[in-house]
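Participant: One structure, as structure tokens, below. Some questions next.
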Amino acid sequence: MTTSHSATSRRPTSASAPPRLAIVLLSLAMGGFAIGTTEFASMSLLPFFAADLGIDEPTAGHAISAYALGVVLGAPLIAVLGARFARRTQLLALMSVFALGNALTALAPGYGAMIAARFLSGLPHGAYFGIAALVAASLVPQHRRSQAVGQVMLGLTSATIIGVPLANLIGQAVGWRASFGLVSVLALLTVLLCALFAPRDQAGRSDPLRELGALRSGRVWITLAIGAIGFGGMFAVYTYLATTLIEVTKVSPAIIPFFLAVFGVGATLGNLFVPRFADRALMPTAGVILLFAAVALLLFPLAAGNPWLLAADIFAIGASVSLGAILQTRLMDVAGDAQALAAALNHSAFNTANALGPFLGGLAIREGLGWTSTGPVGAALALLGFLIWIVAWRDSRPAAPVIASPGDAASLTNAPPLAPDHWRRADSARDPVA
């Protein structure tokens, strides 16, 4: 896809971004704020809409899974089908559908309608983030692309600090339906901001078949598997956190937003600091985060009885969200030309975990293992993700050249350096799954 002349010619020349760029990034981040609010707030509101709809909480957890499955299916499908449409057009369409889905959630008369509305709400999620990241990166010099994308993603992490606790407070004071209504309003505000400030670009020139080429890479699938399994542990605990706080920790429902904000602070600080280590050692950092998450999740049952210990443990679990940024960078390294699809697939993997974690946590609760059993379930998922990481890490190490003779050694010494696309071809040749 290409950007308009105005989008490409007005690149910043100083450290401070011009007002136009700041407004565009704010507009894109507003969409991330709305998405982050509905994704995480729906988990904290689970006991409230379960009671209103007359279903038990493990069954209500299926609404969380329905949203996640919408993301899993919608992200790659929309990324491929939308390859020939202008990015601005896609942003407006995606946030309009997102607003509709959340409005229907607020009006859902029963369990079936709730499931359908959450599935619809999830469809635009991954594609929006992927396109917003590409738009942000296109507006700045190459050495500032990561910073611009990070500012867009700040909408998602700030939602866990501000949006989710606010939605929970509104849900308790007015009703859970008002919280989803608020998200719908935020989505419509994003549509308005993007219509006013998003750069007008031409219709996309990307080839859908070329985007699908990323699916031939075994390294892409292994990286996605790490996120789909390893992230499930965090969601297993977070989905039932509100009920655990009420039933086990014995705190007042009015205190729940505080714990949600603690999780958000952990997630935000993790995303700010952990990627700095990943810049030096990408895959080792991912492995450490998975082990760190497993330990924090194992400690969850022990900390649940004390609110202060639980707050510290929730902070640590939130910090493990930084794994998402690390895996996104890994996907950029292995996806070749299919960057848009890779960005979308990362959110598919993230929300596969969002479906798997609550489902397995709900099974443990149904079996009578208690609300804190979600911690060991989550730890098992994090460790399984670590086992998959071992496969990916071994495959990511550069292979030593095999020299058959001194003559071969001399030819290697005198050979010109490989071009970047040659590196990519050589890397694909070593891919055991491709």
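FYI, it's all coordinate maths here, none of it is from the lab. Here the structure is a predicted model, which means the values were calculated and not measured. Using ideal geometry, Cβ is built from the backbone for each residue, glycine included, and neighbour counts are taken over all protein chains shown.
Participant: I'd like the projected area of the stretch 17-92, averaged over all directions, using the convex hull of its alpha carbons. Report it in nm² with one decimal. Mind showing how you got there, number by number?
Facilitator: Working: hull surface 27.8 nm².
Average projection, Cα convex hull of the stretch 17-92: 6.9 nm².
Participant: I would also like to ask the following. How big is the equivalent ellipsoid of the stretch 52-107 along its three axes, where each semi-axis is √(5λ) from the Cα gyration tensor, reported in whole Å from largest to smallest? Please report the intermediate quantities before stating the final value.
Facilitator: Numbers: eigenvalues 167, 40, 5 Å².
Calculated on Cα positions only, the semi-axes equal 29, 14, 5 Å.
Participant: Moving to a separate point now. Quick one: if you stick a label point 7 Å off each Cα along the C-beta vector at A51 and L196, how many nm between them?
Facilitator: Placing both labels 7 Å beyond Cα along the Cβ direction yields 4.0 nm.
Participant: Further question on the same structure: Quick one: Debye curve from the alpha-carbon atoms of the stretch 100-192 only, equal weights, vacuum; give me log10 I(q)/I(0) at q = 0.18, 0.19 Å⁻¹ to two decimals.
Facilitator: -0.90, -0.97
Participant: For the stretch 97-143, take every pair of Cα atoms, bin their distances at 10 Å starting from 0, and report each bin as a whole percent.
Facilitator: Spelled out bin by bin, the stretch 97-143 gives 27, 33, 20, 14, 6 percent.
Participant: Please compute the Cα-Cα pair-distance distribution of the stretch 27-139 with 5 Å bins starting at 0, giving whole percents from short to long.
Facilitator: 2, 12, 23, 23, 16, 11, 7, 4, 2, 0
Participant: Taking every pair of alpha-carbon atoms in the stretch 257-391, give the share separated by more than 18 Å as a whole percent.
Facilitator: Above the 18 Å cut-off, the stretch 257-391 has 59 percent of its Cα pairs.
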